[in-house]
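Single-structure report; data block below.
The values are calculated or read from the model by the stated rules, or taken from the named source; none is laboratory data. Just so we're clear, the structure is a prediction, and the values are computed from it rather than from any experiment. Ideal geometry is used to build each Cβ from the backbone, glycine not excepted, and the neighbour counts take in all protein chains shown. These accessible areas exclude ligands, DNA and RNA; they are computed on the full protein's heavy atoms, side chains included. Shrake-Rupley method; radii C 1.70, N 1.55, O 1.52, S 1.80 Å.
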Amino acid sequence: MAAPARRTPPANRRRSFDLRSTALFFALLAVVVSILGFAARTAVDIAERHPGWAFVLLLLGAAGITGLGRRLHLARAARRAAAALDEAATEAAEVWETATVPRQRAAFGVDIDYDALDAEEFEAAVAHLCERDGCSDVEAVGGAGDLGADVVAVSPEGWRVVIQCKRYGESHRVGSQDIQRFGGTCFAIHEADVAVLVTTSDFTAPAVEYAEQCGIVCVDRQALLCWAEGSGPRPWEAVRAVRDVGAR
């Protein structure tokens, strides 16, 4: 079967299309040149008759060119600012995601070697004891700028418990200055109902005396071990006993 012959357009039709486009282009060019020429002649006439208006037109033209340049500059500045804001928002989102990841609290058993813990681990161990014994909203908040509050919690009675943790060696006892610094913030700033200072060491006699005057519960090494084993009172229970006696 023979393939149908492909028809080719006449040559004069192609030439007619090109001639029409060329003629249209030159016609538009002539119109633009005429408009520009008319504008130029008008500007020259105005300049000859009214020099002041020529100066005004010159200023308007310069202002228009300057405004166009400023718009282009502002558009570039806006694009750069948008890119910087987008980058900052991305970095802030990454930082926020990292900051909102909760710190995993270590699990502690009854037999805890407090001497083997560092300061942060000791705070976590005390927070664990509070949580184990029925406190709610337990947080280990110690660190730079904590103003003496290492652990905060709410006791089963609904009291706000603020605890400062001192992981000291056996020969380093908590002195009255430590109690005074804690006493200056635990009630006034942290609004504690029960203020507790827990240490792996012991307290000096002046420290105990000052704590009794301020209403701060002192938990030394022996009391801490008894609390951890469950054979001794919880720190907030000592306050409850004092308040029960006062209420009678």
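Within the stretch 164-173, identify whether any single residue is of a type in the set (Lys, Arg), modelled with pLDDT of 95 or more and farther than 21 Å from ARG234 by Cβ, and answer yes or no. Looking for residues that are of a type in the set (Lys, Arg), modelled with pLDDT of 95 or more and farther than 21 Å from ARG234 by Cβ, one finds at least one in the stretch 164-173, hence yes.
Within the stretch 159-176, the residues that satisfy the criterion of being over 30 Å from the mean Cα position of the chain (by Cα) and either farther than 20 Å from GLU121 by Cβ or open to solvent by 20 Å² or more (accessible area, probe 1.4 Å) (or both) are TRP159, LYS166, ARG167, TYR168, GLY169, GLU170, SER171, HIS172, ARG173, GLY175, SER176. Residues in the stretch 180-192 that are open to solvent by less than 30 Å² (accessible area, probe 1.4 Å) and outside any loop (DSSP other than H, G, I, E, B): PHE182, GLY183, THR185, CYS186.
Selection of the stretch 147-171 for residues being closer than 23 Å to ASP202 by Cα and not hydrophobic (A, V, I, L, M, F, W, C) yields GLY148, ASP150, GLN164, LYS166, ARG167, TYR168, GLY169, GLU170, SER171.
Residues are listed down the side, and each one gets a yes or a no for (1) within 22 Å of ASP113 (Cα to Cα); (2) surrounded by fewer than 17 Cβ atoms within 10 Å (Cβ to Cβ); (3) not aliphatic (A, V, I, L, M):
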residue	(1), (2), (3)
GLY145	no, yes, yes
GLU157	no, yes, yes
ASP178	no, no, yes
VAL194	no, no, no
ALA205	no, yes, no
GLU209	no, yes, yes
CYS218	yes, no, yes
CYS226	yes, yes, yes
PRO233	yes, yes, yes
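Looking at GLU131, is it in a strand (DSSP E or B), closer than 17 Å to TRP236 by Cβ and free of Cβ contacts under 8 Å to residues at least 24 places away in the same chain? Criteria not met by GLU131.
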